[in-house]
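The values are calculated or read from the model by the stated rules, or taken from the named source; none is laboratory data. The model shown is predicted, which means the values in this text are computed figures rather than measured ones. Positions of Cβ are backbone-derived with ideal geometry, glycine not excepted, and every protein chain shown enters the neighbour counts.
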Amino acid sequence: MAKDIRMDQQDGQAKTFGDRIMDFFASLFDIYKFIARFCKEAFTAPFEFRETIRQCFNVGYKSLAIITLTGFITGIVFTKQSRPSLSEFGATSWLPSLISIALIRALAPLITALIAAGKIGSNIGAELGSMNVTEQIDAMEVSGTNPFRFLVVSRVLATTFMLPVLMVYAGFIGLMGAFLNVHQNELTSFTTFIHDAFTRISFLDIFASVFKSLAYGFTIGITGCFLGYKASQGTVGVGRAANSTVVASMFLIFIEEMVIVQIVNYMR
């Protein structure tokens, strides 16, 4: 009898593991359908221009303060950390090039995306999750409004198009912070700093950073909308959607970073 009980427990564990595998593939299929529906709705009239512009304002303008602070501090701290190492070889004149390469190739897109994942992604997940559990999305469908196009498409487009703008702004602010530190220690003029900073920057570097920002923005938007749109279980589900959006977005951003870096390095 004890043997039968152990066999039943093993069967239950195997069934549970199998259910988890099936749930995983079912989730992947749901994500595929969600992205496919977005691609269809994004290019089908009528378009929600006003709502998309409003979401661009929320994503872009309302993130300027934290992007400014983070970018400026990043430029100063990276410069201060790099100076001692370059001073040992008498190569402090390479600081502008080193800083610009680090900011434009990696730091500006990545830091902007991580900030957006924490601030914008969690906000989208919580907002759509709250609307879902309070049945506001169902009410929009009853009233004749397309909630997917109004809520999802506008937000994904806003994050996709505004993140490259925020990335460029973060890179510029980071360079300004680096310039203040370099000017304070080496008395380098602004013209010389900008010339040295962009000497080693190629069109491929700029294109790769913009492309990464587009991919990061789409990832943040689609992740937040998917998890928020599928939220359930009341306020607990809303909090879970916001938290899961941040975690999943950051994980996918790092995966995309590794893949894109490998592709760009292969193209150099």
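Worth pointing out:
- Single unsatisfied condition, Gly228 versus (1) crowded, with 22+ Cβ neighbours inside 10 Å; (2) within 12 Å of the chain's Cα centre (by Cα): (2)
- Verdict on Arg200 being surrounded by fewer than 16 Cβ atoms within 10 Å (Cβ to Cβ) and either touching a Gly at 6+ places or on another chain (Cβ under 6 Å) or farther than 13 Å from Ala113 by Cα (or both): yes
- Cβ separations smaller than 6 Å between residues 6+ apart or across chains give the following pairs from segment 21-40 residues that are closer than 13 Å to Val156 by Cβ to residues that are aromatic (Phe, Trp, Tyr) and in a helix (DSSP H, G or I): Phe34/Phe226.
- Residue within segment 216-235 that is out of contact with any Pro (no Cβ under 7 Å at 6 or more places or on another chain), without any contact (Cβ under 8 Å) to a residue 12 or more places away in the chain, in the same structural domain as Ile101 (by TED's automatic domain parsing) and farther than 25 Å from Val133 by Cβ present: no
- Some residue of segment 248-266 being of a type in the set (S, T, N, Q) and either farther than 17 Å from Pro109 by Cα or surrounded by 23 or more Cβ atoms within 10 Å (Cβ to Cβ) (or both): yes
- Segment 144-176, subset over 23 Å from the mean Cα position of the chain (by Cα) and under 19 Å from Phe47 (Cβ atoms), residue surrounded by the most Cβ atoms within 10 Å (Cβ to Cβ): Pro147
Results for (1) over 20 Å from Ile120 (Cα atoms); (2) acidic (Asp, Glu); (3) part of a helix (DSSP H, G or I); (4) within 16 Å of the chain's Cα centre (by Cα), shown as yes or no for each residue.
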| position | (1), (2), (3), (4) |
| --- | --- |
| Ile35 | no, no, yes, no |
| Cys39 | yes, no, yes, no |
| Phe47 | yes, no, no, no |
| Glu51 | no, yes, yes, no |
| Arg54 | no, no, yes, no |
| Lys62 | no, no, yes, yes |
| Thr70 | no, no, yes, yes |
| Gly75 | yes, no, yes, no |
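- When we screen Lys15, Lys62 for residues that are at pLDDT below 90 and closer than 24 Å to Leu110 by Cα, the only hit is Lys62.
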